[in-house]
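So the structure is just underneath, and the comments pick up after that.
Computed from the coordinates by the stated procedures, all read-outs in this text should not be read as laboratory data. If you're wondering where the values come from, they're calculated on a predicted model, not measured in any experiment. So basically every Cβ, Gly included, is an ideal-geometry build from the backbone, and we count neighbours across all protein chains shown.
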């Protein structure tokens, strides 16, 4: 029996590296191991069951022709130089107007392009060098170079990048590396004005070419003369350590304040071995809570939060294939301390839901995490990195709150890949506190993301997105703030009244995204149609109640070649009914195009399964 259990665990480990989206095979090593497991699986019923559960023969994966050509080009570029010693690394950063990373002859010709480039501060060469995972005098590793390219492309001040080897004449064991980066315009002013208030926001995503991000937001209310201010300063990388530091200060129109600082190094890459972080926050705000007679009154909240966590990633397999190298066993530990300096009275919080607590958690999990290059998803015609892979993780710990110690346990499973019919990713989580053997504040979540392959209608390109979400709570705290709403995470924005809530919900979003060919002065237009439906339920409902909440949106997403990560949109939404507000309600810009964000197959700071 022990032998069978060990074999089952071995298969589980190996299954994490068999996802083959965008690839036809994972190398001779994985083929040999696969054959051995296949042979051994036939020796018993339990083994055969586990084998069939985790493996499928001859898996097929859909790869677009553009992706095939790109991968073929990259493979040919690196094959001849794989393993050679890197002699020099040449980095060239380009201004955003008139240049191209793949064409050395392109140069700005128009006066407005030259003027714009003079106003722009290019990324410093060492800013880009800090994002590279390879160094001089090391053997060239194509997977590491590919991952470095993704990390550079991920920066919001970079439009595109190409990393390629440059052969050295008469040298058989050395190679030079060329890194060519095209900046995007990084200074973004935005604003709005109405009869009641005015707003101005200025964001610099590449402060002095250092890769730092500086955001200032000022809001003025004319009637009272009150002014709100928010500032955020972020350092995305400190001397190639990939330690991110963010400082935030916010003072709202109602004089609510938030001050926070975060220093963190995540598992930013499958090749990352160490991660961790600290977070400090001081917050004051006023919110309304009902008493036992459902009479709302304003309550003061003032709290301080401290978080600390650390983690280590271990390679599971020693092979050289991408599947082996991106499969890791990850362990993390964390501590969270929340101290309430001001909280609601017992009349409005009889269970002391808002009270000081200490939380100790640890996570262990296995994951395979890779990225596929695709286009025409959330941006227009540029390469976007789509995460895919698998996650198997469990989290356990204890909470000290209200002179009571409770245990906590949760599990997570995530899976995503490209199929013949498109991309499908899902994330399933379950977690619960335990008090004297009874479950409390249980949460069960299922989130799924699907989008079709890129379709064509004449010269137009089209994708269909679908995102269903299920959240079910059990034995939740008897307070209105421990309920799910349709406005959580902007699932169906517009239903913001706190009385529209439940202990479970089901939402489904359908979005048809189109991409119009051509451009107008560098602007690309992507009309979209969105339908979102939601159901809520409470303890008295068997599943959900019979009221269907819905929203229908029509609009256009506008991208610019030079402001590639700063799209804006014009949209109109129709609500057949909004409780406490009315019927046949129209709103503008009530839908955000990033509401359909893709899942992440990363294991990081251990946390409670979110109930939202």
Report summary line: Heads up, the stretch 292-331 by the C-alpha gyration tensor (a ≥ b ≥ c square roots of eigenvalues; a/c under 1.5 rounded, else a/b over b/c prolate, else oblate) looks prolate
Report task. Compute the length gained on full extension between residue 162 and residue 552: take 0.36 nm times their separation in residues and subtract their Cα-Cα distance, giving the result in nm to one decimal. Result -> 136.3 nm
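When a/c is below 1.5 the answer is rounded, else prolate if a/b is larger than b/c, else oblate, so apply that to the stretch 80-183 with a ≥ b ≥ c taken from the square roots of the Cα gyration tensor eigenvalues. Working shown, then result.
Values: a/c = 2.74, a/b = 1.88, b/c = 1.45.
Since a/c reaches 1.5 and a/b is larger than b/c, the shape of the stretch 80-183 is classed as prolate.
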**Report entry** Segment residue 436-residue 291, length gained on full extension (0.36 nm per residue, minus Cα span)
**Finding:** 49.3 nm
Requested in this report: Give, as ranges by residue number, the residues of the stretch 140-165 whose backbone N falls under 13 Å from the point 7 Å along Cα→Cβ of residue 85.
Outcome: 140
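For the pair residue 232 and residue 516, what calculated FRET efficiency results from E = 1/(1 + (r/R0)^6), where r is the Cβ-Cβ distance and R0 = 45 Å, to the nearest 0.05? Kindly include the intermediate steps, with their values, before the conclusion.
Values: r = 34 Å, r/R0 = 0.75.
It comes out at approximately 0.85.
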Query raised in the report: Any idea how far apart residue 446 and residue 464 come out in nm if each label point goes 7 Å out from Cα toward Cβ?
Result: 2.0 nm
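Kindly state, to the nearest 0.05, the FRET efficiency for residue 115 paired with residue 92, given R0 = 22 Å and r defined as their beta-carbon distance.
With a Förster radius of 22 Å, E is 0.50.
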Query - Simple spin-label estimate for residue 241 and residue 223 in nanometres, 7 Å along Cα-Cβ - result: 4.9 nm
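Answer rounded, prolate or oblate for the stretch 256-596, using the Cα gyration tensor with square roots of eigenvalues a ≥ b ≥ c: rounded when a/c is under 1.5, else prolate when a/b is larger than b/c, else oblate.
Values: a/c = 1.81, a/b = 1.18, b/c = 1.53.
Oblate.
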Report task. In square nanometres and to one decimal, what's the mean projected area of the convex hull around the Cα atoms of the stretch 110-160? Result -> 4.6 nm²
Query raised in the report: Equivalent-ellipsoid semi-axes (√(5λ), Cα gyration tensor) for the stretch 402-454, whole Å, largest first?
Result: 37, 8, 7
Requested in this report: Go from 0 up to the bin containing the longest alpha carbon distance in the stretch 263-342, width 5 Å each, and give me the % of pairs per bin.
Outcome: 3, 12, 15, 12, 11, 10, 9, 8, 7, 6, 4, 2, 1, 0
Query raised in the report: Stretched out fully, how many nm does the piece from residue 545 to residue 308 gain, at 0.36 nm a residue minus the Cα gap?
Result: 81.2 nm
Report task. Set the Förster distance to 30 Å, then compute FRET efficiency between residue 409 and residue 345 from the Cβ-Cβ distance, nearest 0.05. Result -> 0.35
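Just the ratio, please: alpha-carbon radius of gyration of the stretch 201-317 over 2.2 N^0.38 Å, N its number of residues. The partial results should precede the final answer.
Values: Rg = 19.4 Å, N = 117, 2.2 N^0.38 = 13.4 Å.
For the stretch 201-317, the normalised Cα radius of gyration comes out at 1.44.
Report the antiparallel proportion of the DSSP beta bridges in the stretch 80-183 as a percent, rounded to a multiple of 5. Spell out each step's value before the answer.
Numbers: 11 of 19 bridges.
Taking every DSSP beta bridge with both residues in the stretch 80-183, the antiparallel ones total about 60 percent.
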Query raised in the report: Expressed as a whole percent, how much of the Cα-Cα distance distribution for the stretch 297-368 exceeds 17 Å?
Result: 62 percent
Query raised in the report: Between residue 196 and residue 254, what is the spin-label point distance in nm, taking each point 7 Å from the Cα along the Cα→C-beta axis?
Result: 1.3 nm
Query raised in the report: In whole Å and largest first, what semi-axes does the C-alpha gyration tensor of the stretch 426-573 yield when each eigenvalue is scaled by 5 and square-rooted?
Result: 38, 16, 14
**Report entry** For the stretch 158-212, alpha-carbon Rg and Dmax in angstrom
**Finding:** 21.0, 72
Requested in this report: Please report, to two decimal places, log10 I(q)/I(0) for the stretch 333-410 at q = 0.11 Å⁻¹ as given by the Debye formula with identical point scatterers on the Cα atoms and no solvent.
Outcome: -0.58
**Report entry** Dimensionless Rg over Rh [the stretch 80-138; C-alpha; Kirkwood]
**Finding:** 1.11
